[in-house]
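The values are calculated or read from the model by the stated rules, or taken from the named source; none is laboratory data. From a predicted model like this one, the values you see are computed outputs, not experimental measurements. Note: ideal-geometry Cβ built from the backbone for every residue, glycine included; neighbour counts use all protein chains shown. When the accessible area is computed, the model is the full protein with side chains, heavy atoms only, and any ligands, DNA or RNA have been set aside. Shrake-Rupley method; radii C 1.70, N 1.55, O 1.52, S 1.80 Å.
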Amino acid sequence: MKILIIYPNMNLQENIQRIREMMGLLTEEEQSYENKPIVFIGTAGAGKSTTAKKVAESLGIEYIDVDERQGSEEYENLCKDEPGVEVSITRTDDGHQYGNSNGEYKRCVLNKLLQKYGNSKVVLDIGAGTEEGSDLLINLPNLFVLGVPTNSDDDKPYLDFLKQSRIDRATKMGNQDLIDTEKNMDTSNIQQSISNIRDYYRGKQFISVLNDEGKRKTPEELTQEIIFKLT
């Protein structure tokens, strides 16, 4: 027997959707996420990749790190001769990569991935700085933006949170140079990233990484929220 719990922190429409799901009344269109990529966009330090991996694990589907594919020899070879693409990557035996690429290369890699996985249930983890390809994602129904408020008036708490999150990440890595860089970095760079993502992905599903008390949500809380929105 299924027991339905009504959550007071969810709006009426969300609770109605839960009831319909329990009764098996979801339409094919509402279940279309099962054959489409689940896409994650976010600013550095928002916990995007951690959340994306947990969602993929919870749903039992493939997780794809788009940044990793951009650095792969496979996608460099697929895109290097495309019009406007500039890419030059040196790979070492210890797994490090050095080089650079332009926006057209990032767009090409994303386009190739969508050609391959566009009708598959996978998780695509897309890093910041790939806004040039945002139009390729416009028709995907399940795109989630993490670490970016929908309203610029709410940016200040996020700027402080993201800066500290980056410092914490560098500290965990034990990289003192990176720690110093993050501590001394002006939040204007973070602000620019937030503004760019908000402008390019306006109208998509923005997921707050902070709760009502201004504290960071756990990866488990974010995963549960996203899976609920998917269904």
Filtering the range 162-182 down to residues that are at pLDDT below 75, surrounded by 13 or more Cβ atoms within 10 Å (Cβ to Cβ) and not polar (S, T, N, Q) yields Asp168, Arg169, Ala170, Leu178, Ile179, Glu182
Looking across the range 114-164 at residues that are part of a helix (DSSP H, G or I), of a type outside the set (A, V, I, L, M, F, W, C) and touching a Lys or Arg at 6+ places or on another chain (Cβ under 8 Å), the single one that is nearest to Ser208 (Cα to Cα) is Ser152
Across the range 83-113, the tally of residues that are modelled with pLDDT of 90 or more and in a helix (DSSP H, G or I) stands at 10
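Condition check: open to solvent by less than 20 Å² (accessible area, probe 1.4 Å), closer than 17 Å to Tyr201 by Cβ and either under 19 Å from the mean Cα position of the chain (by Cα) or aliphatic (A, V, I, L, M) (or both). Does Leu136 satisfy that?
Criteria not met by Leu136.
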Scanning the range 44-60 residue by residue, those in a helix (DSSP H, G or I) and in contact (Cβ under 8 Å) with a residue 40 or more places away in the chain turn out to be Lys48, Ser49, Thr50, Thr51, Ala52, Lys53, Lys54, Val55, Ala56, Ser58, Leu59
A careful count of residues in the range 24-43 that are in a loop (DSSP other than H, G, I, E, B) and at pLDDT below 50 gives 7
Requested in this report: Report yes if some residue within the range 97-106 is under 18 Å from the mean Cα position of the chain (by Cα) and surrounded by 16 or more Cβ atoms within 10 Å (Cβ to Cβ); otherwise report no.
Outcome: yes
